[in-house]
Structures are given as structure tokens and as C-alpha cells.
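The values are calculated or read from the model by the stated rules, or taken from the named source; none is laboratory data. Everything numeric in this text was worked out from a predicted model, so none of it was measured. In this analysis, Cβ positions are derived from the backbone assuming ideal geometry, glycine residues included, and neighbour counts consider all displayed protein chains.
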Amino acid sequence: MPELPEAETIVRGLRTTIVGERIRRVEVLHTDILRQPKLIFSKRVRLRIINGIERRGKNVLLVLNEGWVIKVNLGMTGRLLPFSRPPRSAERPAHSAVRLRFLSGALLVFDDTRRFGSMEALTSAEWNERSNLMGPEPLGSTYQVSHLLDGLQRSSSPIRSWLLDQKRIAGVGNIYANEALYLADIHPQRQSRSVTKNEAKALYRSLRSVLRDAIKAGGTTIQDYRNTDGDKGEYAGQLSVYGREGKPCYRCNSGVQRIVFSNRSAFYCPSCQPRRRNK
Ligand SMILES: [Zn+2]
């Protein structure tokens, strides 16, 4: 499932391809992708120019002129694929849900096999309201250890669940939550408010370095994720615990364990990340 680094990789790919394009026509092949009636979506975006591409959490934002925004959530299998000209049938994405055709002849296809993704055209006021409900950006220049520590101290949830909650912190999903907790020596089921100041510091650093390294690698492809060129992300080869159940911990050689809670797998090293703090 695309998280912050994958969305960021897509944003960077779109910035070099579709900025400046004017939307000529909207084709909706699967209306369930839209969070509003097709006619409203079309009316809101048609003939507008894509002025920029931004990211907020796991969302990709196409910023249009006159303050309009198309918010794209990639869901589990969503892909945003730009084409400089209409693709021949052999290269046409197999699960196209929405196509934005541009005046230049170029187009952007939102392809989504499982269709958990979504698209929605919003005014800037509507978008700001949504954005304000989300937690801070962990890679933002104003995000400090104190913000993380404050947030954790207010919560009795397991820390892995806290990290996945988009209202607490934006963009972190299961892969990077598990990786960051491993590097900070924190068990994924530790109660958030039990995390000490030093542990919060370690987690702040590990979270930011994991996300930055993953962006450098173009994200993680476990199965479906592709960038705007249709290529896989390379970070899967750098994962320390995620998906490595039974394999040796890189630091202590203990077997990596998997537990399931809140319906998601958590991967951790039982020696490096003890359930109870022994300090
Ligand atoms: Zn270990």
C-alpha cells in the first residue's frame, strides 16, 4: 500500500511530466473511484490548468488554477500514469479508472486494480478543512521531537497503531512504522505514552531517516506499487524487519517475529525490541 515515500516518488514524477497541462476532457470508466458525482467532478476540473503537484500524507494533490485541487488517494493498488500521447492498445493500463485528457494530446491515467483508491475535486477551502484533520508531516521542516513526544504522551494506543493513525502523523503506513520502531528499539505493542523522551528522540530520527532513505530508493514495491514510469521502488531490499519473519535480525541474529494486532502484521526483533523496557 503506497505510503509517504511512494506518494512522494509519484509527485516528483508528475512534476516533470504534467505541470502546465490543461485538462480538455475527463473520462470516468469506474465511477466508484470518484468521491462525488461524475458531472460535478468534470465540471470542477475541465479546462483548468495543472499548476503544480503536491503531497500531503499519502495523498497526491494536483493543484489547478483558480484554487482548485484534485486529491488523489492511491488506496492499495492505485497508479498515476502520465502519457505524452494516447497509448497504443498494448501499452494501455489494464485497470484504467479515470483518464484526464489534456489539450496537448497528453493524458494522465488513474489505474487501480482493486479500486480502493479515490479522486475528488475540491476548492482550496474544502481541501484545507481536510488537511487540518490530518497530523503533521514527519519530514516537514517544522516537525520536532517535542511534537512526537507530546502526541505519544496523550495516547494509550499501541505505538504501531499510533504511527498508522493519519490524524496523529501523516503518511506513515505499516511498512515504515515497523522499520522505524525496529531502528529505535521499540516494541510495536508498547503503549504510546510509555515511550520515554530518549526513545522518542530515537524514533523521531529513525522515522525521518527511514522515510528519506525510502524516497531516495523510489519507495518500496512489495507487489503492486509502481512509479509514474511504471517502475518498481527499490527500498524492499533495504527493509530490516518488514516481511522478514523467521529471518535473522541484522544486529543480533535473533529470529524476526511477526504478530498480528489491529488486523495488521507487525514485525520486530524480540531481543532488540523487548515488550517491557528493562531500564
Ligand atoms: Zn535484534
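Assorted remarks:
- Checklist (1) within 20 Å of S206 (Cα to Cα); (2) near the ligand (Cβ under 8 Å from one of its atoms) applied to Y242, failing item: (2)
- Identity of the residue in the stretch 258-279, without any contact (Cβ under 8 Å) to a residue 60 or more places away in the chain and more than 14 Å from D185 (Cα to Cα), that ends up farthest from the ligand (Cβ to nearest atom): N263
- From the options R24, R55, residue that is more than 29 Å from I169 (Cα to Cα) and part of a strand (DSSP E or B): R24
- Looking across the stretch 163-172, the residues that are closer than 14 Å to R55 by Cβ and either touching a helix residue (DSSP H, G or I) at 6+ places or on another chain (Cβ under 9 Å) or among the charged types (D, E, K, R) (or both) come down to A170, G171, V172.
- Some residue of the stretch 55-71 being more than 19 Å from the chain's Cα centre (by Cα), surrounded by fewer than 19 Cβ atoms within 10 Å (Cβ to Cβ) and more than 29 Å from K167 (Cα to Cα): no
One line per residue, one yes/no per condition, for (1) assigned by TED's automatic domain parsing to the domain that holds V172; (2) in a strand (DSSP E or B); (3) touching a residue at least 12 places away in the same chain (Cβ under 8 Å); (4) not polar (S, T, N, Q):
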position	(1), (2), (3), (4)
G75	no, no, yes, yes
P82	no, yes, yes, yes
P86	no, no, yes, yes
A90	no, no, no, yes
A97	no, yes, yes, yes
R115	no, no, yes, yes
A121	no, yes, yes, yes
P138	no, no, yes, yes
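- Any hit, the stretch 207-230, residues being more than 30 Å from P82 (Cα to Cα) and at pLDDT 95 or above: yes
- Any hit, the stretch 191-201, residues being surrounded by fewer than 17 Cβ atoms within 10 Å (Cβ to Cβ), of a type in the set (G, A, S) and in contact (Cβ under 8 Å) with a residue 60 or more places away in the chain: yes
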